[in-house]
Amino acid sequence: MPEPDQEGARFAAQQPQATPGFFLKGCHQLDWGMKNRMARVFNPESGRTVMLAIDHGYFQGPTTGLERIDLSIVPLLPQCDALFCTRGILRSVIPAASQKPMVLRASGGPSILKELSDEQIAMDMEDAVRLNAAGVGIQVFIGGEFETRSIHNMTRLVDAGLRVGMPVMGVTAVGKDMVRDAKYFRLACRIIAELGAQYVKTYFVEDGFETITASCPVPIVMAGGKKLPELEALTMAYNAVQQGASGVDMGRNIFQSDAPKAMIAAVNEVIHRNLKPAQALELFNDLKSKG
Ligand code: 5RP
């Protein structure tokens, strides 16, 4: 009989996991190359990252804000810690002279017209190495129709990553019918970490997010989700890192903002310097007014 987790003090959300010898939780026993790639994505001073997610085209085509990545995203590169994109966009649009770490979307298959959980691995690890990637990301559909396949995709990618020192970011994909609560994300994040991903991307929930981060033994980055008013997005990012996330991997809440440069600057302050949401909004408005 499966045994679901139980709420309560045993999560010890107030007591951070020890990180002996390396700044990221659960990463102290990784090999040098893997650690070095993690340290390119996560700022060793703050222990956090602002990843800019622009991989949406891999299943939904030219998403609003990503029609012309050369015009909308390349100017934002200096302000992110890492870019999460597909290899197609990397090779065709992102300047190879960029010093920013690139985390590459490594799963794909179905478009928005089909069952999204029916994904496969969509990139060889050899190509990630050739592209000098700092990591790869893959969707895992816990509770989805093709749950087992998506987990197997991830474990194969993890095995390939371990051979070359490439960290894998497991992404908790939420299907249309799934409940987005702490219990679900605890389950999904823990499975992803137990099966070997070096870090996990997941969504914020208002109730109990700290139990998701506490029970996941590797770093969690918060996914942005659909576009919200700026104050709400900044508040969500603030609450996520205060409750144990190691940063964000945000897309639409940055590139669909009226002022993406101002928004990513405000997110940076929230993530790396714990700026409170109200002050971050002031900064956003100030930078926006200055163009
Ligand atoms: C889906 C993904 C996305 O493709 C993307 O990265 C989401 O970014 P955002 O929700 O912040 O626009 O990972 O799970």
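The values are calculated or read from the model by the stated rules, or taken from the named source; none is laboratory data. Computed from a predicted model, the values in this text were never measured in an experiment. When we count neighbours, we look across all protein chains shown, and the Cβ atoms used for this are built from the backbone with ideal geometry, even at glycine.
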So which residues in the range 200-235 are in contact with a strand residue (DSSP E or B) (Cβ under 6 Å, 6 or more places away or on another chain), aliphatic (A, V, I, L, M) and part of a loop (DSSP other than H, G, I, E, B), if there are any at all? V218
Looking at (1) buried (at least 21 other Cβ atoms within 10 Å of the Cβ); (2) modelled with pLDDT under 95, can you tell me which one A82 breaks? (2)
Of everything in the range 43-72, what is of a type in the set (A, V, I, L, M) and surrounded by fewer than 23 Cβ atoms within 10 Å (Cβ to Cβ)? Give them in sequence order. L66, I69, L71
Number of the exception - L71 against (1) away from the ligand (no atom under 14 Å from the Cβ); (2) in contact with a helix residue (DSSP H, G or I) (Cβ under 8 Å, 6 or more places away or on another chain): (2)
How many residues, within the range 236-266, are within 17 Å of the chain's Cα centre (by Cα), assigned to a helix (DSSP H, G or I) and either without any contact (Cβ under 8 Å) to a residue 24 or more places away in the chain or away from the ligand (no atom under 11 Å from the Cβ) (or both)? 6
Only one of P219, P277 is closer than 27 Å to G165 by Cβ and more than 15 Å from the ligand (Cβ to nearest atom); which? P219
Residues of the range 18-42 being surrounded by fewer than 20 Cβ atoms within 10 Å (Cβ to Cβ), farther than 17 Å from P217 by Cβ and either at pLDDT below 95 or aliphatic (A, V, I, L, M) (or both), in sequence order, are A39
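Quick check on the range 89-102. Is at least one of its residues within 19 Å of V174 (Cα to Cα) and free of Cβ contacts under 8 Å to residues at least 40 places away in the same chain?
Our first condition is that a residue be within 19 Å of V174 (Cα to Cα); within the range 89-102, this holds for none.
No, the range 89-102 has no match at all.
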Take the residues in the range 202-216 that are within 16 Å of the ligand (Cβ to nearest atom) and touching a Cys at 6+ places or on another chain (Cβ under 9 Å); name whichever of them is nearest to V270 (Cα to Cα). T202
Is there a residue in the range 89-103 that is farther than 18 Å from I254 by Cα, touching an Asp or Glu at 6+ places or on another chain (Cβ under 7 Å) and not acidic (D, E)? yes
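Might you check whether a residue that is among the aliphatic types (A, V, I, L, M), within 13 Å of the ligand (Cβ to nearest atom) and either closer than 28 Å to G175 by Cα or assigned to a loop (DSSP other than H, G, I, E, B) (or both) occurs anywhere in the range 30-50? Give the steps one after another, and end with the answer.
Within the range 30-50, the first condition is being among the aliphatic types (A, V, I, L, M), and the residues that meet it are 30, 34, 38-39, 41, 50.
If we keep only those that are within 13 Å of the ligand (Cβ to nearest atom) as well, we get 50.
Now drop any that are not either closer than 28 Å to G175 by Cα or assigned to a loop (DSSP other than H, G, I, E, B) (or both), which leaves 50.
Yes: the range 30-50 contains one or more residues that are among the aliphatic types (A, V, I, L, M), within 13 Å of the ligand (Cβ to nearest atom) and either closer than 28 Å to G175 by Cα or assigned to a loop (DSSP other than H, G, I, E, B) (or both).
Kindly check whether there is at least one residue in the range 56-68 that is away from the ligand (no atom under 16 Å from the Cβ) and either without any contact (Cβ under 8 Å) to a residue 12 or more places away in the chain or farther than 27 Å from R273 by Cα (or both). Lay out the reasoning, then the answer.
Here is the first cut: in the range 56-68, the ones away from the ligand (no atom under 16 Å from the Cβ) are 68.
Filter once more, keeping what is either without any contact (Cβ under 8 Å) to a residue 12 or more places away in the chain or farther than 27 Å from R273 by Cα (or both): 68.
Yes, there is a match, as at least one residue in the range 56-68 is away from the ligand (no atom under 16 Å from the Cβ) and either without any contact (Cβ under 8 Å) to a residue 12 or more places away in the chain or farther than 27 Å from R273 by Cα (or both).
Does M1 fit the bill of being farther than 30 Å from A266 by Cβ and either surrounded by 14 or more Cβ atoms within 10 Å (Cβ to Cβ) or within 14 Å of the ligand (Cβ to nearest atom) (or both)?
On the way: farther than 30 Å from A266 by Cβ: yes; either surrounded by 14 or more Cβ atoms within 10 Å (Cβ to Cβ) or within 14 Å of the ligand (Cβ to nearest atom) (or both): no.
No: the conditions fail for M1.
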